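Comments concern the structure below.
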Amino acid sequence: MEKEMTIHTEKDFNYWVEKGKEMIRDRQKRISRAKKWKFDTVATHGLYDLNQALKLNNGSIMEPVYLSPAQAYENSYEMEAGLAYEMPTWCYSRIANPSTYFLEETAALLETYGSDLEATALATSSGMSAIRTATDSFLVKDERFPKPNFVASAKVYGGSFQQFWVRRWQEQGIEVRWIKNPLDLEEWQSKVDDNTRFLYGEFPSNPSVDIFDITAVSELAHAFEIPLIVDSTCASPALTRPLLLGADIVVHSASKVISGSGTSIIGLMIAKKNIVSKIGTDEMREDFGTWAKLWPYRDNGPSISPMSAILTLNDMRTLRMRVEQMSESAMKVARFLESHPKIESVHYPGLESYAAHNLAKKYMKLVDSDKNLYGYMLAAEIKENAPGESINTRKFYDALKMIWRATDLGRVKTVATLNAISTHQQQGEEGRALAAIKPSTCRIACGVENADDIIADLEQALNVI
């Protein structure tokens with residue numbers, strides 16, 4: 001008993017603080033090593049290595065699922081140091097978990113791939129909770145800026161529209177100022193004032209597949225000392241990495257192409273170090289991702305299950321390969337539909353008819369290649385006999401046989417969606433008009449099937465009209 005007491009007494013608070021510093025140095029070495037790898041290697045290994053496997057996980061080659069709510073500590077001093085955030089810890093899965101860390105570390109590396117930037121990632125229970133976590137901290141009370149507002153592209157996912165329009169503005173009185181044309185920098189400029197807390201856009205948007213000039217809008221944001229937040233769900237770091245283009249924070253519904261097998265609902269928020277913000281503390285700006293995890297995330301509890309984290313991490317390993325095949329198929333499908341007599345128009349960044357095609361060529365390129373690819377999602381407008389109708393659109397949609405009728409996207413299986421009656425139904429006609437979503441619009445998210453089979457199913461469905 002005396003020997004055991006002596007061992008524990010030697011490991012006092014300062015011992016664990018120094019131990020924490022050693023752990024941080026080791027992590028930094030692993031980050032530096034991973035920064036030298038190619039994208040697929042980073043996605044495959046992240047920061048998990050042989051040393052970690054042998055020390056912590058019985059030599060497991062694959063990252064384990066830690067189905068445990070809490071961490072045990074060697075003594076009271078380790079617990080004290082861990083809960084004072086003086087050393088890396090996971091303590092309780094509402095705050096962190098080893099399985100979650102494996103995913104977050106890899107996501108941060110992928111979003112900063114090809115640069116010297118460092119970022120911190122945070123995994124959440126859904127894409128919507130990632131958006132909430134990314135934006136909450138900039139909308140706090142600050143007497144210097146008494147009437148908070150934020151500026152956002154109206155071309156956003158229906159859930160994002162509802163969060164901004166209903167939850168923020170109507171319920172909380174925090175004004176959202178909508179951008180109708182995200183390509184128009186003057187419109188962005190006209191909506192920003194001293195009370196604006198952040199700018200927000202999707203790249204590309206769901207479902208209208210609109211893009212905006214990330215670099216130009218980030219420069220505008222930074223001129224007002226506020227961050228640019230970008231939802232990059234429909235591009236993924238395999239095609240576009242907004243942090244390298246000037247954005248401060250990126251959010252994903254990782255339930256989509258990142259977790260392409262369709263097994264998990266999950267969100268990701270990735271923030272680069274030293275974000276621009278006139279709101280908050282120096283600690284918050286220096287490492288927003290870590291600050292958010294240790295404080296608001298801890299208190300609000302939008303955590304994910306360890307199983308979802310590992311399932312998503314396993315899908316992430318093949319991200320670039322899937323995005324390549326899905327994007328190539330989408331290009332073929334877009335060209336087929338654009339030439340079809342029963343199609344009014346097709347919105348896809350890879351088409352020369354797309355309004356921002358040159359901007360898409362600049363910002364959308366398969367990582368580790370010189371190949372322009374434009375994503376797996378497109379929107380097609382079916383020809384109707386009168387404006388506002390959806391008779392032909394529904395006939396086409398209901399005739400699909402292989403392609404799934406659902407609200408999902410980014411899956412290994414092709415999915416078609418009528419957004420006006422599904423993902424954007426609740427925002428009403430006025431909101432849909434603001435986002436340019438018509439009853440005749442069908443969003444198609446191409447999977448990994450052979451493109452000829454996708455086209456064949458679309459063709460037979462169009463023949464029903």
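Given the condition within 22 Å of the chain's Cα centre (by Cα), under 30 Å from Pro69 (Cβ atoms), in a loop (DSSP other than H, G, I, E, B) and among the hydroxyl-bearing types (Ser, Thr, Tyr), answer yes or no: does some residue in the stretch 293-312 qualify?
Yes: one or more hits.
Where the second residue is part of a strand (DSSP E or B) and the first is closer than 21 Å to Glu80 by Cα and lies in the stretch 91-102, which pairs have Cβ atoms under 7 Å and are six or more apart or on separate chains?
From the stretch 91-102, the pairs are Cys91/Ala70; Tyr92/Ala70.
Say we look at the stretch 388-422 and pick out the residues that are basic (Lys, Arg) and under 25 Å from the mean Cα position of the chain (by Cα); which of these is farthest from Pro207 (Cα to Cα)?
Per the criteria, the residue is Lys413.
Of all residues being aliphatic (A, V, I, L, M) and touching a Leu at 6+ places or on another chain (Cβ under 6 Å) in the stretch 133-172, which is farthest from Ser422 (Cα to Cα)? Just the residue, please.
Among residues in the stretch 133-172 that are aliphatic (A, V, I, L, M) and touching a Leu at 6+ places or on another chain (Cβ under 6 Å), the one farthest from Ser422 (Cα to Cα) is Val151.
Glu352 - would you say it is among the charged types (D, E, K, R), surrounded by fewer than 17 Cβ atoms within 10 Å (Cβ to Cβ) and either under 25 Å from the mean Cα position of the chain (by Cα) or over 25 Å from Val464 (Cα atoms) (or both)?
When the stated conditions are applied, Glu352 passes them.
Mind listing whichever residues of the stretch 375-396 are buried (at least 23 other Cβ atoms within 10 Å of the Cβ) and of a type in the set (S, T, N, Q)?
Of everything in the stretch 375-396, just one residue is buried (at least 23 other Cβ atoms within 10 Å of the Cβ) and of a type in the set (S, T, N, Q), namely Thr393.
Does the stretch 315-329 contain at least one residue that is in contact with a strand residue (DSSP E or B) (Cβ under 6 Å, 6 or more places away or on another chain) and at negative phi?
So far as the stretch 315-329 goes, no, none of its residues is in contact with a strand residue (DSSP E or B) (Cβ under 6 Å, 6 or more places away or on another chain) and at negative phi.
Let's see how each residue does on (1) free of Cβ contacts under 8 Å to residues at least 24 places away in the same chain; (2) of a type in the set (A, V, I, L, M); (3) outside the structural domain of Ile391 (by TED's automatic domain parsing); (4) more than 24 Å from Ile444 (Cβ to Cβ):
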| residue | (1), (2), (3), (4) |
| --- | --- |
| Lys273 | no, no, yes, yes |
| Met284 | no, yes, yes, yes |
| Ala292 | no, yes, yes, yes |
| Arg298 | no, no, yes, yes |
| Leu311 | no, yes, yes, yes |
| Ser329 | no, no, no, no |
| Leu351 | yes, yes, no, no |
| Asn358 | yes, no, no, no |
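Take the stretch 122-155 and flag every residue that is part of a loop (DSSP other than H, G, I, E, B) and more than 17 Å from Thr196 (Cβ to Cβ).
Ser125, Ser126, Lys155
From the residues in the stretch 355-374 that are part of a helix (DSSP H, G or I) and not hydrophobic (A, V, I, L, M, F, W, C), which one is surrounded by the most Cβ atoms within 10 Å (Cβ to Cβ)?
Tyr363
Quick check, is Pro387 modelled with pLDDT of 95 or more and assigned to a loop (DSSP other than H, G, I, E, B)?
no
Any idea which of Gly267, Gly262, Gly280 is surrounded by fewer than 24 Cβ atoms within 10 Å (Cβ to Cβ) and within 23 Å of Arg443 (Cα to Cα)?
Of the residues listed, the single one that is surrounded by fewer than 24 Cβ atoms within 10 Å (Cβ to Cβ) and within 23 Å of Arg443 (Cα to Cα) is Gly262.
The values are calculated or read from the model by the stated rules, or taken from the named source; none is laboratory data. What you are looking at is a predicted structure, and each value in this text was computed from that prediction instead of being measured. So basically every Cβ, Gly included, is an ideal-geometry build from the backbone, and we count neighbours across all protein chains shown.
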